[in-house]
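First comes the structure, then the notes that go with it.
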Amino acid sequence: MAGGGFSRLPNGTVVVALTLPSPMAEGRTVRVLVHAVNRARALTRLRNLGLRAVYLRGNAEPPTPDEITAVLHHPDGLLWRATPECREDLWQPIRALLRPPRRYGAPEPRTALRTALRTGFVAP
């Protein structure tokens with residue numbers, strides 16, 4: 001179950017903070033911050049990114065003033081950081097958390113052919 005909370009700002013917007021299981025590592029958690037017009041829109045933003053089972057029940061872990069400052073200064077208004085072991089880690093954009101793993105190795109034949117046709121160079 002995700003723990004979290006929210007804080008209403010003087011201009012009427014809210015910052016929602018949730019502690020969720022990490023999609024990258026088993027048994028680890030991440031702290032996600034969302035800045036939105038209201039709580040429902042904040043959760044909708046996360047659900048639209050693929051985090052479907054995200055609910056905010058209660059206000060047990062509201063965002064700290066440092067977390068509020070971090071999310072307000074980010075252009076996307078969506079940040080994450082590993083918790084609780086890595087308090088000194090920097091906040092990262094949500095794209096870094098949800099990015100598919102990179103594939104290493106030789107490119108697929110179709111991709112190599114497409115690149116060759118685009119550049120005009122075909123290897124012998």
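Values for this structure:
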| item | result |
| --- | --- |
| Entirely in the stretch 1-77, the strands (runs of 3 or more DSSP E) that have 1 or more residues that are in contact with a helix residue (DSSP H, G or I) (Cβ under 9 Å, 6 or more places away or on another chain) and under 17 Å from I94 (Cβ atoms) | 14-21, 29-36 |
| First in the stretch 45-57 and β-branched (V, I, T), second anywhere and at pLDDT 85 or above and outside any helix (DSSP H, G or I), Cβ under 7 Å, 6 or more apart | V54/L18 |
| Residue that is modelled with pLDDT under 60, out of contact with any Cys (no Cβ under 8 Å at 6 or more places or on another chain) and farther than 15 Å from V16 by Cβ, where the choices are E88, E108 | E108 |
| Scan of the stretch 60-84 for residues that are in contact (Cβ under 8 Å) with a residue 24 or more places away in the chain and exposed (fewer than 11 other Cβ atoms within 10 Å of the Cβ), ordered by number | A60, P84 |
| Any hit, the stretch 40-51, residues being over 13 Å from the mean Cα position of the chain (by Cα) and crowded, with 16+ Cβ neighbours inside 10 Å | no |
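The values are calculated or read from the model by the stated rules, or taken from the named source; none is laboratory data. Computed from a prediction, not measured in an experiment: that's the story for all the values here. Every residue, glycine as well, gets a Cβ built from its backbone with ideal geometry; the counts of neighbours run over all protein chains shown.
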